[in-house]
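Enquirer: Once you've had a glance at the structure underneath, I'll fire off some questions.
Each reported figure results from applying straightforward, stated rules to the coordinates on display, with no laboratory input. Here the structure is a predicted model, which is why all the values come from computation and not from measurement. Please note: Cβ atoms are built from the backbone with ideal geometry, for glycine as well, and neighbour counts cover all protein chains shown.
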Amino acid sequence: MVAAIAAARKDQEVVLLEKGPKLGYKVLISGNGSCNLTNHQKEIPLRDFIHCFPGNGKFLYGALSRMDPEATMRFFEELGVALTVERGGRVFPLSKKSKDLVDALEREIRRLGVEVKLNSRVSKIEKEGDSFRILLSGGASLEFDKVVIATGGKSFPGTGSTGDGYSFAKSLEHTVVPTFPALVPLKIPSVVSLAGLSLRNVKAAILEKGKVLAEEQGEMLFTHTGVSGPIVLTLSRLVSQKKEVSLFLRIDFKPALSREQVDAGLLRDWNKNPRQLLSNALRERLPFNLIPFVLAVASIPAERVTAEVKKEERKKLVETLKGWLLPIDGVLPIETAIVTAGGVEVKEIDPKSMESKKVPGLYWAGEVIDIDGVTGGYNLQAAWSTGFLAGESAAKDHSPCKFND
Ligand SMILES: Cc1cc2nc3c(=O)[nH]c(=O)nc-3n(C[C@H](O)[C@H](O)[C@H](O)COP(=O)(O)OP(=O)(O)OC[C@H]3O[C@@H](n4cnc5c(N)ncnc54)[C@H](O)[C@@H]3O)c2cc1C
């Protein structure tokens, strides 16, 4: 959509082919329907912004220089979408409705006279001399002098992103880096009964043989299959890559306090109420549902009163609060991932134009490329920026398209 707008604004004749019955289905469901469209934090230089893309951030330097988060916000505001910046620089439509964003893109697409062909699944793309032949699954064949492929990844296939772009890439002699789920929930069967519980300001770490591989601090969530939420999703990329290795998730419920401070806090509470049941006393410090789990890990009977908790038991409780270890049983399938890592090899795409280095006149944009970012609006920003750059670059040297139904 953004590539079509950028090309049409340069007075090009543009045809937008979408296999589904409507445009922007994945954008519609993004951010739980509220669409975290970018991330804007003042004083963050581009070189730091690209660190939020564990998948080939450097490649995005050119696209983000052409359309950075500020330019993206201006782009949407000029299309009539009021925006709001929330905690952590997350940008949303003020209405919190992703539909407003998609409607605005669609209005602009129509205003510019882009021909939108819905229910038009591209089945093949062939290079023929200086032009491209596009075959639709209904049998129609179209000819263009420039093509932008923005078919997305292969997660949430119900949205239309089923990985078709990877077969186009292979048939056009591009390398496809093997895909894997990034930003995906972790499977931890031992905690499924905690489904629905969310935790704020905890620290989670991934451990292999006791060694911390990565850690994140912020919000997480227990689900009916294990754990999810922003910090877990960010850590999941690593788990996805380490398929055959036995890994643990370690949760620190009190990251701002040292072990000594947690211990002193417990003692303070318990001295005030020495005859209180331990399970009740802990309510001050932990969500209710979590207490039986923590006490079981620390091997302390829940019916014990605080004055009777032994020193060794208290020590074990502190250890658990500072580092609850959970065995990870892998990640959920790619179909449930927020984003697909892997894709079209970035070395084969010119980062200054998004043009293929293998096939002149062919451009790549969005998640189909081997790029992926953390949560917080980064993946959509990558899609807008690469789309805009690809559309603008493709707009140079135009000749009209022909239809042969
Ligand atoms: C549940 C969920 C929530 C998300 N929330 C956020 C968020 O809040 N913030 C954020 O930054 N990112 C979010 N993302 C990620 C973000 O939505 C994607 O990274 C982004 O949409 C990728 O854009 P794209 O244009 O490359 O691909 P897509 O948005 O996937 O679009 C590709 C389009 O190509 C069409 N297509 C595919 N194959 C063909 C074909 N053969 N012929 C014709 N058309 C075809 C598809 O139907 C689809 O409409 C979320 C993802 C999911 C799944």
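Enquirer: Which length gain, in nm to one decimal place, applies between Asp269 and Lys358 when the Cα-Cα distance is subtracted from 0.36 nm times their residue separation? All intermediate terms of the calculation are to be shown ahead of the outcome.
Expert: Numbers: separation 89, 0.36 × 89 = 32.04 nm, distance 6.77 nm.
Full extension of this stretch gives 25.3 nm more.
Enquirer: Let me ask something else. Taking the Kirkwood radius as the inverse of the mean 1/r across Cα pairs, report the Rg/Rh of segment 297-405. The partial results should precede the final answer.
Expert: Values: Rg = 26.8 Å, Rh = 19.1 Å.
Here Rg/Rh amounts to 1.40.
Enquirer: Roughly how tilted is helix 378-394, in degrees to the nearest 10 and between 0 and 90, from the longest Cα axis of the chain?
Expert: 10 degrees
Enquirer: Placing unit charges on C-beta atoms (Lys and Arg positive, Asp and Glu negative, everything else neutral), compute the dipole magnitude of the chain about its Cα centre in debye, rounded to 20. Provide the component values of the computation, followed by the final result.
Expert: On the way: 55 positive and 49 negative charges, 280 e Å.
It works out to roughly 1340 debye.
Enquirer: Pick from Phe288, Phe168, Phe53 the residue whose mean-square fluctuation is largest in a GNM of the chain, springs joining Cα atoms under 10 Å.
Expert: Phe288
Enquirer: Sticking with this one: Could you give the longest part of the chain that holds none of the GluC sites (Glu not before Pro) found in DSSP loops with at most 13 neighbouring Cβ atoms within 10 Å?
Expert: Numbers: sites that count: Glu43, Glu173, Glu244, Glu303.
Longest stretch, sites excluded: 44-172.
Enquirer: Could I ask something else about it? For the pair Glu126/Ala214, report the inter-label distance in nm, with labels modelled 7 Å from Cα in the Cβ direction.
Expert: The two pseudo-label positions are separated by 4.2 nm.
Enquirer: Looking only at Lys19, Lys316, Lys203, which one moves most when the chain is put into a Gaussian network model with springs between Cα atoms under 10 Å?
Expert: Lys316
Enquirer: I would also like to ask the following. So what is the relative contact order for the chain, in percent, with contacts set as C-alpha pairs under 8 Å and at least six apart?
Expert: Numbers: 853 pairs, mean separation 106.3, N = 405.
So the answer I get is 26 percent.
Enquirer: If you don't mind, there's one more thing I want to ask. Bins of 5 Å, beginning at zero and ending with the bin holding the largest distance: percent of Cα pairs per bin for segment 186-253, please.
Expert: Taking every Cα pair in segment 186-253, the percentages come to 4, 18, 30, 28, 15, 5, 0.
Enquirer: On each of the three principal axes of the Cα atoms of segment 63-215, give max minus min coordinate, whole Å, ordered largest first.
Expert: 57, 41, 33
Enquirer: To continue, here is another question. For the chain, what Kirkwood radius comes out of the mean inverse Cα-Cα distance, in Å? Don't jump to the answer; show the numbers that get you there.
Expert: Values: mean 1/r = 0.0430 Å⁻¹.
Mean inverse Cα-Cα distance, inverted, gives 23.3 Å.
Enquirer: Right, something else. State, to one decimal in nm², a quarter of the convex hull surface area for the C-alpha atoms of segment 229-293, i.e. the direction-averaged projected area. Before the final figure, lay out the partial values.
Expert: Details: hull surface 24.6 nm².
That works out to 6.1 nm².
Enquirer: Could you give the length gained by full extension between Leu238 and Asn119, i.e. 0.36 nm per residue of separation minus their alpha carbon distance, to one decimal place?
Expert: Details: separation 119, 0.36 × 119 = 42.84 nm, distance 3.66 nm.
Taking 0.36 nm per residue and subtracting the Cα distance, the gain is 39.2 nm.
Enquirer: Do the sum for the chain: with -39,500 (n - 2.57) for every DSSP H run of n ≥ 4, divided by all residues, what is the mean residue ellipticity at 222 nm, to the nearest 500 deg cm²/dmol?
Expert: After summing the helix terms and dividing by the residues of the chain, the value is -8500 deg cm²/dmol.
Enquirer: Divide the volume of the convex hull of the Cα atoms of segment 259-322 by its number of residues and quote the answer in cubic angstrom per residue. If you can, show how the numbers build up before the last one.
Expert: On the way: hull volume 4.5 nm³, N = 64.
Cα-based convex hull of segment 259-322, divided per residue, equals 70 Å³.
Enquirer: Also, quick follow-up: With Cβ to Cβ distances under 11 Å as the rule, what net charge do the other residues near Tyr61 carry (K, R +1; D, E -1)? Before the final figure, lay out the partial values.
Expert: Working: positive: Arg47, Lys58, Arg66, Lys352; negative: Asp68.
That sum, taken over residues with Cβ under 11 Å, equals +3.
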